[in-house]
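Chemist: Provided herewith is a single structure, encoded as structure tokens, for subsequent inquiry.
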């Protein structure tokens, strides 16, 4: 007992030293990663040579760029520019601006993943397609479907460019006629026509209202699901008069509730059928938030293990609590770094440069390891 009392000031000094080391490690790691990520995000490619005849102002160089640009102009109701991304059907007289307008009405029926499209000028080789063709997605109206094919053509002014193929352009009017013949759906019949006809930033007012309301509704539904799932345990606890907590009442409850709410909210957004570009970027944001919540949950689980180990050592009087506290903080920092890098990757940032910053993190960890060994030896001598 006397030796433990004498060791308390030493352990206090060790704990303060370990806290300082942990904060130093956190500062070093996040400073390095933030500097690298910021430099990468702000870094702009060198300006291309001043040759107007070789640079396409409409950005039709790759399959991904042409689809993104077409959807962007279509969302702004700039059908004159959107028509320049369409290849006219061979042997037919087609009003491409009208086709672009009809394609806008079909965007809720367009299934695609822009992130999977090739961003190379030559595209990618796909089974069933010839060289210079890429499948960008699928248009589906009831039982009728049509592949959206992008084709590489030779433009007299800008060289090789990508366009929506004439085969796809020829099918759009027929799909549009089927949509018009179907009439309003059950949901559209409930929503007032004013909210469906007025648009803001490419989305109808009904979609904006539905998106805003889906946030609190998703949180309420997540809480309701959590409550209903724990209701049998609550009834059993009340009947047996036993004191215990369900998982939703522990430190794991809030991260689990956030994960459930994000999943429910993602389902709502998918059902609202926003424009493809909005849906693509918003789902990336939701995925980044979901990864952060998962890291939060794993950190909470690890904290429970560390707290159990610390309490056990205090009960047995073996010491070493300060070492466990230091490892716990290093574990939190590591999880934050993993979540940070994963979020950057989801937003399309090249994480190879960011991962190069692990050299900075490795140096900081090596310094902490050396200090940790000194602390261990000092604790053993005490």
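No lab work stands behind these numbers, since they all come straight from the coordinates. What you see is a predicted model; the values in this text were computed from it and never measured. Glycine also receives a Cβ, built like all others from the backbone with ideal geometry; neighbour counts cover every protein chain displayed.
Chemist: Distances longer than 21 Å among the Cα atoms of the stretch 53-182: what percent of all pairs is that? Provide the component values of the computation, followed by the final result.
Modeler: Working: 3017 of 8385 pairs.
Looking at the stretch 53-182, the distances longer than 21 Å represent 36 percent of pairs.
Chemist: Let me ask something additional. For 120, 98, which order do you get if you count the other beta carbons within 10 Å of each Cβ and list the fewest first?
Modeler: On the way: 120 11, 98 14.
In order of increasing Cβ crowding within 10 Å: 120, 98.
Chemist: Further, regarding this structure: Separation between the residue 80 and residue 115 pseudo-spin-labels, each 7 Å from Cα along Cα→Cβ, expressed in nm?
Modeler: In this crude spin-label approximation the distance works out to 3.7 nm.
Chemist: Kirkwood Rh, the stretch 114-244, all Cα pairs: how many Å? Don't skip to the answer; put the middle values down first.
Modeler: Details: mean 1/r = 0.0493 Å⁻¹.
This gives a value of 20.3 Å.
Chemist: If neighbour count is taken as other Cβ atoms inside 10 Å, put 134, 151, 242 in order from fewest to most.
Modeler: Listed from fewest to most nearby Cβ atoms, that is 242, 151, 134.
Chemist: Relative contact order of the stretch 201-301: what whole-number percent is it, with Cα pairs under 8 angstrom and at least 6 residues apart? All intermediate terms of the calculation are to be shown ahead of the outcome.
Modeler: Numbers: 59 pairs, mean separation 36.6, N = 101.
After rounding, I find 36 percent.
Chemist: Taking 8 Å as the Cα distance limit and 6 or more residues as the minimum spacing, I'd like the relative contact order of the stretch 53-182 as a percentage.
Modeler: Details: 207 pairs, mean separation 38.2, N = 130.
The normalised contact order for the stretch 53-182 reaches 29 percent.
Chemist: Taking 30 Å as R0, compute the FRET efficiency from the Cβ-Cβ separation of residue 140 and residue 160 and round it to 0.05.
Modeler: Values: r = 30 Å, r/R0 = 1.01.
Once rounded, the FRET efficiency stands at 0.50.
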